[in-house]
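Heads up, the thing below is written out as structure tokens.
Read-outs throughout are calculated quantities, based only on the coordinates presented, and are distinct from any laboratory measurement. Worth saying up front: this structure is predicted, and the values here are computed from it rather than measured. Every residue, glycine as well, gets a Cβ built from its backbone with ideal geometry; the counts of neighbours run over all protein chains shown.
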Amino acid sequence: MSVVPVRLFGDPVLRSRAAEVVDFDRELRRLVTNLTDTMHEQGGVGIAAPQIGVGLRVFAYDVHGTSGHLVNPTFEVVGDEEQFGPEGCLSIPELRAECLRAMQVIARGFNMHGEPVTLDGEGLLARCIQHEVDHLDGVLFIDRLDAAARREMMRQIREAEWFGTEPPVVKANPFGLHGTGR
């Protein structure tokens with residue numbers, strides 16, 4: 001098992017746009033394993049690479065028996081139907097808020113071997129895809145809340161026991177600048 005620490009709200013990596021993956025190599029496969037193992041250990045339904053301190057466009061998911069990962073994902077909204085429901089984040093532990101998302105999306109990207117993947121997400125899976133792609137763009141779900149809900153969430157974050165703790169020290173990114181182990 002390759003569980004790594006999850007970066008918490010306040011860590012700058014969570015607010016930076018992740019870089020496109022250019023090398024589909026052993027290091028990328030290790031990253032996908034780390035993401036998947038960490039997500040399962042933490043009890044999440046999705047996790048993006050920036051949440052473990054890696055600035056690459058990769059996320060893993062496991063929603064109601066549908067599991068996998070996407071590299072360099074994009075998505076398009078299907079239809080006009082929206083869902084308003086509870087959303088949380090491993091980087092903002094134990095806190096949830098009602099968040100508006102599209103009900104259905106189609107995500108496209110690649111698997112860890114560079115093969116194209118299309119994922120049709122509806123309901124919770126669509127919510128997960130949108131949430132994780134937001135992470136890759138440096139956006140957190142609290143940014144999607146209305147002003148009053150965002151203020152309340154920020155109050156709860158400031159009062160959380162974990163808030164303000166030191167992020168883990170990373171001496172070197174084993175995935176290199178653009179995902180290679182060079």
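Say each of V3 and E122 gets a label point 7 Å from the Cα, pointing the same way as Cα to Cβ; how far apart are those two points in nm?
About 3.5 nm, to one decimal.
Residue-wise, which Karplus ³J(HN,Hα) couplings in Hz belong to the stretch 54-71, taking 6.51 cos²θ - 1.76 cosθ + 1.60, θ = phi - 60°, and x for glycine or proline?
Result, ordered by residue: 10, x, 10, 7, 9, 9, 10, 8, 7, 10, 6, x, 9, 9, x, 8, 9, 10 Hz.
Which one, (i) 11.3; (ii) 10.1; (iii) 21.5, gives mean projected area of the Cα convex hull in nm² as derived from the coordinates shown?
(ii)
For E152 and E76, compute 0.36 nm times the residue count separating them, minus their Cα-Cα distance, and round to one decimal in nm.
Numbers: separation 76, 0.36 × 76 = 27.36 nm, distance 3.03 nm.
Difference between extended and current length: 24.3 nm.
Compute the distance in nm between two label points, each set 7 Å from the Cα along the Cα-to-Cβ direction, one at E41 and one at V22.
3.1 nm
For a test of the definition: using alpha carbon positions, the gyration tensor, and the 1.5 limit on a/c, classify the stretch 1-67 as rounded, prolate or oblate.
Verdict is oblate for the stretch 1-67.
At a threshold of 8 angstrom on Cα-Cα distance, excluding pairs fewer than six apart, so keeping six or more, what relative contact order does the stretch 12-159 reach in percent? Write down the numbers at each step before the final one.
Values: 280 pairs, mean separation 37.2, N = 148.
Value for the stretch 12-159: 25 percent.
Which residue fluctuates most in the GNM of the chain (Cα springs below 10 Å): E98, E132, E159?
E159
At a 10 Å Cβ-Cβ cut-off, how would you order C99, C128, fewest neighbours first?
Values: C99 21, C128 25.
Going from sparsest to densest Cβ surroundings: C99, C128.
Going highest first, how would you order 39-52, 108-121, 68-81 by mean Cβ packing within 10 Å? Working shown, then result.
Details: 39-52: 21.8, 108-121: 14.9, 68-81: 16.5.
Ranked from most to least packed, the peptides come out as 39-52, 68-81, 108-121.
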